[in-house]
Amino acid sequence: MFTFFRRDPAAGPVVAPQATAAMPDIEQILGGIAHQASGLGKESADLNGMIEDLAAMSGRQAATFTTLAQEIDAMVQANRAISDVTKASNASVLRARKTVENVGQGVAGVTDTLAQVATAASEITQIALQTRLVAFNALVEARRAGDAGRGFGVVAEAVKDLATRVEQSSSLITSTVKQLDVRIRDLARDIASKEDAQPDSARGDSFHAAVAEVERGVDDIAAAAQKNLEGCAGVIASVRGLSQQVAGSSAELQNARKKTEGFLALSEELIEMAAESGIQTEDTPFIESALALAQQVGELFAQALDDGAITTADLFDDKYQLIRGSNPEQFTTRFTAFCDRTLAEILEQTLHWSPKISFGVVTDMQGYVPTHNRKYSRAQGPDVVWNLAHCRNRRIYNGRTEMAAIHSQRKFLLQTYRRDMGGANFVVMKHLSVPVFVADRQWGALRIGYQF
């Protein structure tokens, strides 16, 4: 049973009088057209929504491919950097090898010099020994001379002591040179070695073997980096190709969506033409009731202004205050509490017009819904999907359907749209809207959603 509001009879009849006997046939034809247009609108809205979802998904995929291509580009740059570094490393190793070879040559020179030093030290030792013998003999002669040779004896004693110290120092130099010679010769052999030492060698691997190992490691790194570059080049070409294909598909889907919107608009126009003709259609009771309710809401707001229950500035407030922590976002304005007091019961009654009615709300000029039906005005919880379906009050709806309803200058606007119920759950329904005026100023629109 329909329990609808009715317009003032003074406004004139909705149904045109039967002028001829052919009128029932015309009504039947127009009713059939309206019914078929309604079905076309439903299918178009459903198809439009699915294409919109596919276009959005393609857009996300294209963005993902773009990001992936950027990441692969970064990998290519990193591998090129590795390749450049390994080239520099090889050059450094070669310089190190040459430097060590020069060091080896220098070490050989040091060995020769030490040999010369050892020879000189040996000669000094021999001279010191001979000097000490001569001084000893002179000291003996000085003692034989008695007092006359005393001064000569002092000098001979000093020479003998000096010769002794020189001999000791020369011996120490000779000993040290021998030790250095052993160590330097070992180092020279290690540098000059071309083969790895045996595992039980005390010295371990030779320097040249270690350098060769480093060179092989650097070459392996360079080869791996080059292989990565080749692999990345192939992958990035494929990714870019896929990205272009997905982007092209997204553009085609957007074009297809525009075409389905054209079909949708055509079906809506056919439904409205049938409704405005005065012929009774399945939408006529909803239209009549919505017109009456929109007028009632406008008069209620105007009376509240006259009574001082709310000011004009507050009633038309467009400074939306975010409710912190809300998800999805909810807002309050200076007229939110007023609408809760005055509209809650009226809007609740729209659900009793027909079992087909899903919701009845009043929207301001920005798409803000201060007050909703009770079943959609629950307190938010931690589950955003649940919130999307059950907490629809105090939210702003500015999609295609909502904004068309708000800005329509027609007496009423009947659209077909796919309503998002949250959790990827959509319902295709009809959307009836009527402007709400307070005196001569539009406050917003009454919006009624009902099923096919």
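Overview of results
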| quantity | calculated |
| --- | --- |
| Only one of 313, 290, 304 that is over 23 Å from residue 348 (Cα atoms) and part of a helix (DSSP H, G or I) | 313 |
| Search result, residues across segment 142-154 that are at pLDDT 70 or above and basic (Lys, Arg) | 143, 144 |
| Single unsatisfied condition, residue 350 versus (1) touching a residue at least 40 places away in the same chain (Cβ under 8 Å); (2) loosely packed, with under 14 Cβ neighbours inside 10 Å | (2) |
| Residues being in contact with an Asp or Glu (Cβ under 7 Å, 6 or more places away or on another chain), modelled with pLDDT under 70 and among the β-branched types (Val, Ile, Thr) - total across segment 111-141 | 1 |
| Filtered residue count, segment 295-346, keeping only those that are of a type in the set (Gly, Ala, Ser) and either under 17 Å from residue 392 (Cα atoms) or touching a strand residue (DSSP E or B) at 6+ places or on another chain (Cβ under 7 Å) (or both) | 6 |
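To keep it simple, each residue is scored yes or no on (1) outside the structural domain of residue 442 (by TED's automatic domain parsing); (2) surrounded by fewer than 18 Cβ atoms within 10 Å (Cβ to Cβ); (3) within 32 Å of the chain's Cα centre (by Cα); (4) part of a strand (DSSP E or B).
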| residue | (1), (2), (3), (4) |
| --- | --- |
| 317 | no, no, no, no |
| 325 | no, yes, yes, no |
| 346 | no, yes, no, no |
| 362 | no, no, no, yes |
| 375 | no, yes, no, no |
| 382 | no, yes, yes, no |
| 386 | no, yes, yes, no |
| 409 | no, yes, no, no |
| 417 | no, no, no, yes |
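The values are calculated or read from the model by the stated rules, or taken from the named source; none is laboratory data. Keep in mind the model is a prediction, meaning the values are calculated, not measured. Methodologically, a virtual Cβ is constructed for each residue, glycine included, from the backbone with ideal geometry; neighbour enumeration extends over all protein chains shown.
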